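As structure tokens, the structure follows; a few thoughts come after it.
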Amino acid sequence: MDDLRSKYIDLIAGAASEAALEDLRVQAVGKKGEISLKMRELGKMTPEERQKAGPALNALKDEVNAALAAKKAALADAALEERLAAEWLDVTLPTRPTRQGSIHPVSQVTEEITAIFAELGFAVAEGPQIDSDWYNFDALNMPDHHSARAEMDTFYMARSEGDDRPPHVLRTHTSPVQIRTMEKLGAPIRIIAPGRVYRSDYDMTHTPMFHQVEGLCIDTDISMAHLKWTLEEFAAAFFEVDHIEVRFRASHFPFTEPSAEIDFRCSWEGGTLKLGEGDDWLEAGGSGMVHPKVLQAGGVDPAKYQGFAFGLGIDRLAMLKYGIPDLRAFFESDLRWLKHYGFTSLAQPNLHGGLS
Ligand code: PHE
């Protein structure tokens, strides 16, 4: 019995896994285990022998069972320790030890604009950057021969040979989203549509790809007054001042009637731009009352509905607000520029916590 004891106690101590331990259990105290078989022999013994061997065998069985349980617990502890060591994290480390990237001013300003107009009840709409000339021109009251088409320096997509349908274009403005939104939602509508637009132009203030935000508000009782108020609310919130005077300058767009150029009051004193005061005017974009033909093209009844639309240049707003001198640098992906003018990814613009 002493041999059995030392054999199993040693084996159990050396078991490397729970599976090995289970094998040992079966081998020692399982139904046909070595110790169990010994217990069956008790029946063949004389009562005196049994009286001595019985308790001793039971004690041995208990001892082996206890050793098995202890080893099992020890193995589980060791496994847990190993897992804890492997999965250890220093939760006191900063989440971003080095700044790896930043939010581009165009993205930042788009978020700011979206936050402001969301507060005014405007949803965000989208349209494709490659669009048919119907959406980009015809539906906006610019028929084939219209001079505005030529003025827009349009990029045309190539058609395959023999295909003489009119070519698609890279949208020259976000106004086609007006039509798509009318088709999709019907009236009333209150949306903005920020996005990329394309024109063949390149200098300090023009790049072939740039960003506009379209605004469209359609209902049964909308006037130029609503347009002006909306633009004033937007401008003051965007430039983070109490009030900015908006001036309408008579203009012409085929898709609005009447049409107005949007100017914000400002001063350039000492070379720095101040918004809302001074005797200068900053050109911000185009606007007007949606032309009845445009409503019609979008499937909205001009006898019942009318509305305003505007288009603002997002890149230009970003340059003015954050003092960025050259538009071309926006799209050159120069890491030094991005580091300097970029925004931290953790600062989400909203009207309550501050826009910028
Ligand atoms: N789409 C015009 C442009 O790109 C701007 C505009 C939008 C004017 C909406 C009036 C109404 O120049």
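The values are calculated or read from the model by the stated rules, or taken from the named source; none is laboratory data. Predicted model only: the values in this text are computed from it and were never measured. Note: ideal-geometry Cβ built from the backbone for every residue, glycine included; neighbour counts use all protein chains shown.
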For segment 261-289, give me the residue count where each residue is within 16 Å of the ligand (Cβ to nearest atom) and touching a Ser or Thr at 6+ places or on another chain (Cβ under 8 Å). 6
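When you scan segment 156-198, how many residues do you find that are more than 16 Å from the ligand (Cβ to nearest atom) and in contact with a strand residue (DSSP E or B) (Cβ under 7 Å, 6 or more places away or on another chain)? Outline the logic, then answer.
Going through segment 156-198, the residues more than 16 Å from the ligand (Cβ to nearest atom) turn out to be 156-168, 183-188.
Narrowing further to those that are in contact with a strand residue (DSSP E or B) (Cβ under 7 Å, 6 or more places away or on another chain): 156-157, 167-168, 187-188.
Total satisfying the criteria: 6.
When residues of segment 129-155 are filtered for being in a loop (DSSP other than H, G, I, E, B), within 16 Å of the ligand (Cβ to nearest atom) and either free of Cβ contacts under 8 Å to residues at least 40 places away in the same chain or not polar (S, T, N, Q) (or both), how many remain?
Here is the first cut: in segment 129-155, the ones in a loop (DSSP other than H, G, I, E, B) are 129, 132, 137, 141-146, 152-155.
The next check asks that each one be within 16 Å of the ligand (Cβ to nearest atom); those that pass are 129, 137, 141-142, 146, 152-155.
Subset that is either free of Cβ contacts under 8 Å to residues at least 40 places away in the same chain or not polar (S, T, N, Q) (or both): 137, 142, 146, 152-153, 155.
Qualifying residue count, segment 129-155: 6.
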Taking segment 262-289 as the search range and keeping residues that are aliphatic (A, V, I, L, M) and part of a strand (DSSP E or B), which one is farthest from residue 217 (Cα to Cα)? 275
Determine whether residue 249 is more than 26 Å from residue 330 (Cβ to Cβ), within 14 Å of the ligand (Cβ to nearest atom) and surrounded by fewer than 17 Cβ atoms within 10 Å (Cβ to Cβ). yes
May I ask you to list the residues in segment 105-160 that are acidic (Asp, Glu) and surrounded by 15 or more Cβ atoms within 10 Å (Cβ to Cβ)? 111, 112, 131, 133, 138
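Condition first: surrounded by fewer than 19 Cβ atoms within 10 Å (Cβ to Cβ) and either within 14 Å of the ligand (Cβ to nearest atom) or under 19 Å from residue 109 (Cα atoms) (or both). Now tell me which residues in segment 229-238 satisfy that. Can you show your working first?
First, pick out the residues of segment 229-238 that are surrounded by fewer than 19 Cβ atoms within 10 Å (Cβ to Cβ): 229, 232-233.
Correct list: 232, 233.
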Do we find a residue being surrounded by 15 or more Cβ atoms within 10 Å (Cβ to Cβ) and touching a strand residue (DSSP E or B) at 6+ places or on another chain (Cβ under 7 Å) anywhere in segment 333-341? no
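Listed here are the residues, each with its yes/no results for (1) part of a helix (DSSP H, G or I); (2) surrounded by 14 or more Cβ atoms within 10 Å (Cβ to Cβ); (3) within 60 Å of the chain's Cα centre (by Cα).
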| site | (1), (2), (3) |
| --- | --- |
| 3 | yes, no, no |
| 19 | yes, no, yes |
| 24 | yes, yes, yes |
| 38 | yes, yes, no |
| 50 | yes, yes, no |
| 57 | yes, yes, no |
| 66 | yes, no, yes |
| 90 | no, no, yes |
| 100 | no, no, yes |
Would you call residue 197 modelled with pLDDT of 95 or more, part of a helix (DSSP H, G or I) and within 23 Å of the chain's Cα centre (by Cα)? no
Every residue in segment 200-217 that is closer than 18 Å to residue 284 by Cβ, within 13 Å of the ligand (Cβ to nearest atom) and modelled with pLDDT under 95, please. 206
Can you report the number of residues in segment 251-285 which are touching a residue at least 24 places away in the same chain (Cβ under 8 Å) and farther than 21 Å from residue 324 by Cβ? 10
